[in-house]
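Novice: Before I ask anything, let me first share the structure, which is written out below as structure tokens.
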Amino acid sequence: MNGREKAERLGKDRVLTAENIIHALVLIGFAIFMVFVIYGLDSVVPGIHDAFHDFRHSAGFLCH
Amino acid sequence: MHAVDLKRGISIGAYGGMVWGLVVLAVSAYLKFFAFDFTILHDIPIFMAGGAGMGLIVGAFMEVLGERLPFEGAVAKGIVLSVAIWLVFFIPGVFLHLIKPDRYTVEIPLHIQGLFLAMVLGMIIGGLWKKGRD
């Protein structure tokens, strides 16, 4: 495999595109959002935990 | 190795999760293991948002790990990932229950309902995934 072929192959298999980084950040944001929904942290974002009370029970997570 | 397209995983997961949120609301209202604190009108957008959050995470993991999982079919992979992610959120709650049993209470019927619904989320996302491929 020459240099050009190698570069083309790397380009084909490359997964770290700018678009994927943005979407990965969206994913991390939603994962943090779900932690707020399930475990509270009302001092950081007040109200979210209470608003999702029925959802938390229904989805089977521990509540109070 | 396939190119990862997180947008596709996130989109399918979010749409599937919103549908799942409504399924969760309907199942929970039917089974009545607990009394709702809020009205249905308040809960519809809340359940859709919560469902989208869960679905989005499952969809993203489907995109990234789907081809590496030792299971055949998108539905089986969806169920495994969905249950795994449900457990990731559930297990810390069990530890919190051990630390503060008065604050975090164990309610077995609700947890079984949640586990079952996590499987349903996997089925919905797996089904949408399969449909997207066809």
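Read-outs: derived from the displayed coordinates by stated rules, not from any lab. If you're wondering where the values come from, they're calculated on a predicted model, not measured in any experiment. Every residue, glycine as well, gets a Cβ built from its backbone with ideal geometry; the counts of neighbours run over all protein chains shown.
Novice: Using amide H atoms built in the peptide plane, which far-off residues or other-chain residues are under 5 Å from residue A:63 H to H?
Specialist: HN-HN under 5 Å from residue A:63: B:105.
Novice: If you don't mind, another one. Shielding by partners for B:112-122, please: the mean number of other protein chain Cβ atoms within 10 Å of each residue's Cβ.
Specialist: 2
Novice: Now, a different point. As an exercise, identify the trypsin sites (Lys or Arg not before Pro) in the stretch B:7-88 lying in DSSP coil whose Cβ has no more than 16 other Cβ atoms within 10 Å.
Specialist: B:32
Novice: Over 26 Å between Cα atoms: which of B:32/B:77; B:7/B:130; B:32/B:130; B:77/B:100 fall into that group?
Specialist: Table pairs above 26 Å Cα-Cα are B:32/B:77; B:32/B:130; B:77/B:100.
Novice: Pick out, from B:20, A:39, B:40, the residue whose Cα sits farthest towards the positive end of the charge dipole of the protein assembly as shown, with +1 on the Cβ of Lys and Arg and -1 on the Cβ of Asp and Glu.
Specialist: Toward the positive end, the furthest listed residue is B:20.
Novice: Another question about this same structure. Residue by residue, what Karplus-based ³J(HN,Hα) values in Hz, rounded to whole numbers, does the stretch B:81-87 have, using 6.51, -1.76 and 1.60 with θ = phi - 60° and x for Gly and Pro?
Specialist: Taking θ as phi minus 60°, the curve returns 5, 5, 5, 4, 6, 4, 5 Hz for the stretch B:81-87.
Novice: With only alpha-carbon atoms counted, please give the Rg and Dmax of the protein assembly as shown, in Å.
Specialist: Just the Cα atoms of the protein assembly as shown yield Rg and Dmax of 18.4, 68 Å.
Novice: Sticking with this one: Of all GluC sites (Glu not before Pro) in the stretch B:36-99, which ones are in loop regions per DSSP and have a Cβ with at most 14 other Cβ atoms within 10 Å?
Specialist: B:72
Novice: Here's another thing I want to ask about it. Once all Cα-Cα distances of chain B are split into 5 Å bins that start at 0, what whole-number percent is in each one?
Specialist: 2, 11, 18, 21, 18, 14, 9, 5, 2, 0
Novice: How large is the charge dipole for the protein assembly as shown, taken about the Cα centre, if only the Cβ atoms of Lys, Arg (+1) and Asp, Glu (-1) carry charge, to the nearest 20 debye?
Specialist: So the dipole magnitude of the protein assembly as shown works out to roughly 580 debye.
Novice: Would you mind giving the mean number of other chain beta-carbons within 10 Å of the Cβ of each residue in B:9-18, as a whole number?
Specialist: Shielding by partners across B:9-18 averages 1.
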